[in-house]
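Here's the structure we're looking at; comments come further down.
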C-alpha cells in the first residue's frame, strides 16, 4: 500500500484533535447568531436564564460569577437553570472540566424530573469533557443523557447524543459499538448529513468501503456543498481504487474554498498523488 493510501485509511473527523462534538449545540452556544446585529425590544431576554445566557456572550466572566451565586441559593428547576448558565459561561471561557461540573450540578438538581432537560444538560456536560479529552468520563455522561432522552421520548435528541457517543467510542477503540451508535443516529436523524458523514468515515476506517460509499453518497445528497463531505468522498474513492474520482472530489474542495483548512488538506492529497 502506498503512503497516501495508508494515511487515508485512518484520517477523518474521528481522529482530528481539534474536532468538535457533533451534536447540534443549543442556541446559546452557537456563535453564528443575531447578537452582533443587535436586538429589538421584542427580542430582549425575558427570563432569568435568558438574561444570564445573554450575558455569557458579552461578559462571560461576570456571567459566571452571577450564575455561581444564583446556583448556590437555588433549588430544583432554578438550580438546574443556574447550572446551565454557569456551564455555558465556563464553556465560553474554555474551562471545560468546570463547565461539565456545572452542567452536572444543574442536571442533578432535577432529581429525576424533566428528563428532557436532564438529557440536554448531561449531553452538554459530556461535550465539555470531550473537548477536554476526558473521553471515558464523557462517555459515562453521554450514556446517562441517552437514557434520559429515551425516557423523555426525545428521539432527535437521542440521535444527536448517539453521534457524540460514537466519537467517544472511536477514541476508545470501540469501533463496533460506535458503528451501532451511528446506526441509531441515522435511524433517529435520517436527514442529518453529519450522521451519514461520520458513518462513512467509520465504515472506511473499518475497511467497509461499499458501505462507506453508500453513506457518503447519502451525505452528499443531503448537503451537496460541504468541504468535509468532499474530503471524505475523495478518501473513500482513492481507497476503492478510483483515483480519477478522488482527484475530482478533492479538486472541488480546493475550488470551493481556496485557502481554507479543508482546501489545504485536499491540495496536499493531490500533491502526494502527483509526486508518486
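No other residue among 234, 259 is part of a loop (DSSP other than H, G, I, E, B) and more than 27 Å from residue 143 (Cβ to Cβ) apart from 259.
Consider residue 167 carefully, then state whether it is in a helix (DSSP H, G or I) and touching a residue at least 60 places away in the same chain (Cβ under 8 Å). Outline the logic, then answer.
Details: in a helix (DSSP H, G or I): yes; touching a residue at least 60 places away in the same chain (Cβ under 8 Å): yes.
Taking the combined requirement at face value, the residue satisfies it.
Exactly one residue out of 179, 228, 187 is assigned to a helix (DSSP H, G or I), touching a residue at least 12 places away in the same chain (Cβ under 8 Å) and surrounded by fewer than 18 Cβ atoms within 10 Å (Cβ to Cβ): that is 187. When 222, 198 are checked against the criterion of being under 22 Å from residue 169 (Cα atoms), surrounded by 15 or more Cβ atoms within 10 Å (Cβ to Cβ), touching a residue at least 12 places away in the same chain (Cβ under 8 Å) and under 20 Å from the mean Cα position of the chain (by Cα), 198 stands alone in meeting it. Just checking, which of 204, 174, 165 is more than 23 Å from residue 260 (Cα to Cα), surrounded by 22 or more Cβ atoms within 10 Å (Cβ to Cβ) and not assigned by TED's automatic domain parsing to the domain that holds residue 262? Of the residues listed, the single one that is more than 23 Å from residue 260 (Cα to Cα), surrounded by 22 or more Cβ atoms within 10 Å (Cβ to Cβ) and not assigned by TED's automatic domain parsing to the domain that holds residue 262 is 165.
Would you check which residues across region 79-97 are within 17 Å of residue 127 (Cα to Cα) and surrounded by 18 or more Cβ atoms within 10 Å (Cβ to Cβ) and list them? Across region 79-97, the qualifying residues are 83, 84, 85, 86, 87, 88, 89, 90, 91, 92, 95, 96.
Taking the conditions (1) in contact (Cβ under 8 Å) with a residue 24 or more places away in the chain; (2) assigned to a helix (DSSP H, G or I); (3) more than 18 Å from the chain's Cα centre (by Cα); (4) surrounded by fewer than 24 Cβ atoms within 10 Å (Cβ to Cβ) in turn, residue 113 satisfies each one other than (2).
Which residues, taken from region 48-67, are surrounded by fewer than 24 Cβ atoms within 10 Å (Cβ to Cβ) and touching a helix residue (DSSP H, G or I) at 6+ places or on another chain (Cβ under 6 Å)? Across region 48-67, the qualifying residues are 49, 52, 53, 55, 57, 60.
Among the residues of region 116-143, those that are surrounded by fewer than 24 Cβ atoms within 10 Å (Cβ to Cβ) and farther than 21 Å from residue 85 by Cβ comprise 133, 134, 135, 136, 137, 139, 140, 143. On inspection, residue 113 fails the criterion of being outside the structural domain of residue 202 (by TED's automatic domain parsing) and at pLDDT 95 or above.
The values are calculated or read from the model by the stated rules, or taken from the named source; none is laboratory data. What you see is a predicted model, and the numbers here were worked out from it, not measured in a lab. All Cβ positions, even for glycine, are placed from backbone atoms using ideal geometry, and neighbour counts span all protein chains on display.
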